[in-house]
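K.L.:
Pasting a structure here, questions to come.
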Amino acid sequence: MGLRSEKRIAKSFIAVLLSTLALLLFCGGTAGAQSSYFANPPGSCTGCHPASPTTCNGCHAHGVHSSSAKNNINLTAQTDQTEYAPGATVTVTLDGGYRTGWIRANLYDNTGTLVDTSTGPVGLGGGSGFPVTLTGPAPAAPGTYTFTAAWYGNAYDAAGATFGPGWTPDPGNANHGEERVPTNSFTVAPATDNTLPTVLSTVPSDNATGVAVNTAVMATFSEPIDTATVDNASFFVTDGVDNVAGTFSFADNTATFTPSADLAASTAYTATVTTAVQDLAGNALETDFVWSFTTGSGADVTPPTVLSTSPVDNATNVAATIVVTATFSEPVDPMTVDNTSFFVSNGTDNVAGAVTTDNNTIRFTPTGSLADNTVYTATVTSAVTDLAGNPLASDEVWSFSTAPTAVPPPPGDSGGSCAVAPSGGGTSGILGTYGFLILVALGAALRRRVKRGRV
């Protein structure tokens with residue numbers, strides 16, 4: 001082999017060596033590429049994302065801001081309809097940002113379950129630029145719901161950025177996470193209802209004895225009922241001779257009859273709910289529902305107590321989709337249970353949600369998922385009473401903390417190999433900037449030696 005051939009081989013070897021070392025410095029599995037690498041020269045992200053698209057547009061913080069100032073959050077999530085049939089497809093449009101590059105996005109349903117992720121070219125896990133369209137099934141149960149859409153990317157870029165309260169770090173992918181925004185509320189309408197309502201439970205129970213004379217009488221149905229169909233002719237209590245005078249109140253699926261005066265002591269009573277009572281679709285009870293009870297000698301003056309809670313006090317690693325409950329020593333008056341007498345707080349704000357009762361148990365169902373790794377306090381106040389009007393002796397208060405939940409990385413995202421560190425930070429930045437210059441200088445020296453015939 002001649003001298004010229006050896007020089008050509010040496011030159012090729014040097015070029016390959018320099019390219020390989022530079023790529024390892026900037027995009028190695030352990031060294032994070034610094035923000036300056038992504039900003040100068042433009043398009044240099046191709047070192048980490050070599051195939052189309054040749055930009056890190058959607059990966060970094062500017063994917064959620066309205067301009068290059070990066071000082072606000074510009075994400076919106078809108079459903080294509082405001083009402084859906086149970087299980088129908090909900091289409092959500094996630095929009096915002098100020099770049100045109102591909103966007104990585106996730107969609108979570110009302111329980112916080114991941115139902116869709118954007119997909120894109122070359123396995124980068126990103127769809128096209130905003131807007132991004134994501135879909136998921138509507139809940140099966142009728143009601144009002146909110147989904148959550150999220151932009152997924154790196155927390156930093158060249159000039160830093162501001163994130164909103166929806167920012168959720170990804171514990172499994174350094175410097176990455178999601179900016180989450182709720183959709184508008186939408187309703188799920190019931191399908192055609194041909195099901196007849198039934199009475200699930202009563203207070204007092206059938207054949208109960210020793211019932212307090214100051215009790216209310218309660219019937220809980222299998223579904224919401226048309227309150228206009230409940231009156232003293234369709235729901236009444238009698239001592240066998242006369243009907244008891246009283247008034248009605250309604251909460252959830254329960255109708256409560258409160259006598260105008262105490263019942264007579266040691267007396268047998270019969271309560272009846274007739275087929276005149278209908279559900280919201282006009283379906284009536286199939287047959288009259290009748291039950292009996294006997295009063296004792298006196299009134300109920302014992303306040304209710306909370307026997308148990310879920311989560312228990314000081315519980316940790318609680319699921320963000322938890323339904324918070326309190327179980328009492330006796331049935332409570334559902335008319336005294338609402339968002340002012342039973343609430344959950346993060347220490348600053350009360351959580352939005354629905355409060356329901358089921359005889360001895362009250363439940364708080366958050367509108368959406370609770371925040372990860374957060375301490376919450378639940379409170380049942382003394383405004384809650386039993387059916388005789390006795391209030392809780394004092395507020396019942398307990399706390400719990402939610403677990404940190406890993407954000408599922410988008411398809412094809414290896415995580416961390418091209419993570420952008422904060423501007424100006426870290427030893428890897430020094431290696432990335434100065435190491436490359438040193439390699440260039442060494443390469444030039446080697447080329448000069450080749451030219452002079454010393455290699």
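The values are calculated or read from the model by the stated rules, or taken from the named source; none is laboratory data. None of these values were measured; they are calculated from a predicted model. For neighbour counting, all protein chains shown are included, and Cβ atoms are generated from backbone atoms with ideal geometry for every residue, glycine included.
K.L.:
Here is a list: Thr340, Thr348. Which entry is over 21 Å from the mean Cα position of the chain (by Cα) and β-branched (Val, Ile, Thr)? Working first, answer last.
P.N.:
Numbers: Thr348 fails: over 21 Å from the mean Cα position of the chain (by Cα).
Testing whether each residue is over 21 Å from the mean Cα position of the chain (by Cα) and β-branched (Val, Ile, Thr) leaves just Thr340.
K.L.:
Taking Thr365 as the residue in question, decide whether it is assigned to a strand (DSSP E or B) and either in the same structural domain as Thr168 (by TED's automatic domain parsing) or touching a helix residue (DSSP H, G or I) at 6+ places or on another chain (Cβ under 9 Å) (or both).
P.N.:
Answer is no for this residue.
K.L.:
Please go through the range 231-248 and give me each residue that is of a type in the set (Gly, Ala, Ser) and assigned to a loop (DSSP other than H, G, I, E, B), ordered by number. Can you show your working first?
P.N.:
We begin by selecting, within the range 231-248, every residue of a type in the set (Gly, Ala, Ser); these are 233-234, 240, 245-246.
Correct list: Ala233, Ser234, Gly240, Ala245.
K.L.:
Sticking with this one: Kindly indicate which of Gly425, Gly412 is modelled with pLDDT under 50 and within 27 Å of Thr162 (Cβ to Cβ).
P.N.:
So the residue among Gly425, Gly412 that is modelled with pLDDT under 50 and within 27 Å of Thr162 (Cβ to Cβ) is Gly425.
K.L.:
Pick out the one residue from Ser234, Ser266 that is closer than 30 Å to Thr192 by Cβ, out of contact with any Pro (no Cβ under 7 Å at 6 or more places or on another chain) and of a type in the set (Gly, Ala, Ser).
P.N.:
So the residue among Ser234, Ser266 that is closer than 30 Å to Thr192 by Cβ, out of contact with any Pro (no Cβ under 7 Å at 6 or more places or on another chain) and of a type in the set (Gly, Ala, Ser) is Ser234.
K.L.:
Further question on the same structure: Where residues in the range 151-175 are outside any loop (DSSP other than H, G, I, E, B) and of a type in the set (A, V, I, L, M, F, W, C), which of them is modelled with the highest pLDDT?
P.N.:
Trp151
K.L.:
Working carefully through the options Thr275, Thr287, Thr270, find the one that is of a type in the set (Ser, Thr, Tyr), at pLDDT 95 or above and under 28 Å from Gly389 (Cα atoms).
P.N.:
The conditions single out Thr270.
K.L.:
Right, another one. Tell me which residues, restricted to the range 346-362, are in contact with a strand residue (DSSP E or B) (Cβ under 6 Å, 6 or more places away or on another chain) and in a strand (DSSP E or B).
P.N.:
The answer is Asn350, Gly353, Ala354, Val355, Thr356, Thr361, Ile362.
K.L.:
For a quick check of your reading of the model, give me the residue pairs whose first member lies in the range 194-211 and is more than 16 Å from Asp386 (Cβ to Cβ), whose second is part of a loop (DSSP other than H, G, I, E, B) and among the acidic types (Asp, Glu), with beta-carbon atoms closer than 6 Å and at least 6 apart or on different chains.
P.N.:
If the second residue must be part of a loop (DSSP other than H, G, I, E, B) and among the acidic types (Asp, Glu), the pairs left are Leu196/Glu286; Pro197/Glu223.
K.L.:
With the structure loaded, tell me whether Thr100 is modelled with pLDDT of 90 or more and assigned by TED's automatic domain parsing to the domain that holds Asn175 or whether it fails that test.
P.N.:
Values: modelled with pLDDT of 90 or more: no; assigned by TED's automatic domain parsing to the domain that holds Asn175: yes.
In short, no.
K.L.:
What are the residue pairs meeting all of these: first residue in the range 314-338, first residue part of a loop (DSSP other than H, G, I, E, B), second residue crowded, with 18+ Cβ neighbours inside 10 Å and charged (D, E, K, R), Cβ atoms under 9 Å, and 6 or more apart or on different chains?
P.N.:
Sorted first by the residue in the range 314-338, then by its partner, the pairs are Val323/Arg363; Ser329/Asp386; Glu330/Asp300; Glu330/Asp386; Pro331/Asp386; Asp333/Asp386.
K.L.:
Out of the range 176-222, which residues are polar (S, T, N, Q), within 22 Å of the chain's Cα centre (by Cα) and assigned to a loop (DSSP other than H, G, I, E, B)?
P.N.:
The answer is Asn184, Ser185.
K.L.:
Hey, can you tell me all the residues within the range 267-284 that are among the hydrophobic types (A, V, I, L, M, F, W, C) and closer than 16 Å to Phe250 by Cβ?
P.N.:
Within the range 267-284, Val273, Ala276, Val277, Leu280 meet the criteria.
K.L.:
Picking from Phe235, Phe250, which residue would you name as being touching a helix residue (DSSP H, G or I) at 6+ places or on another chain (Cβ under 9 Å) and outside the structural domain of Pro331 (by TED's automatic domain parsing)?
P.N.:
Working: Phe235 fails: touching a helix residue (DSSP H, G or I) at 6+ places or on another chain (Cβ under 9 Å).
Criteria check complete, one pass: Phe250.
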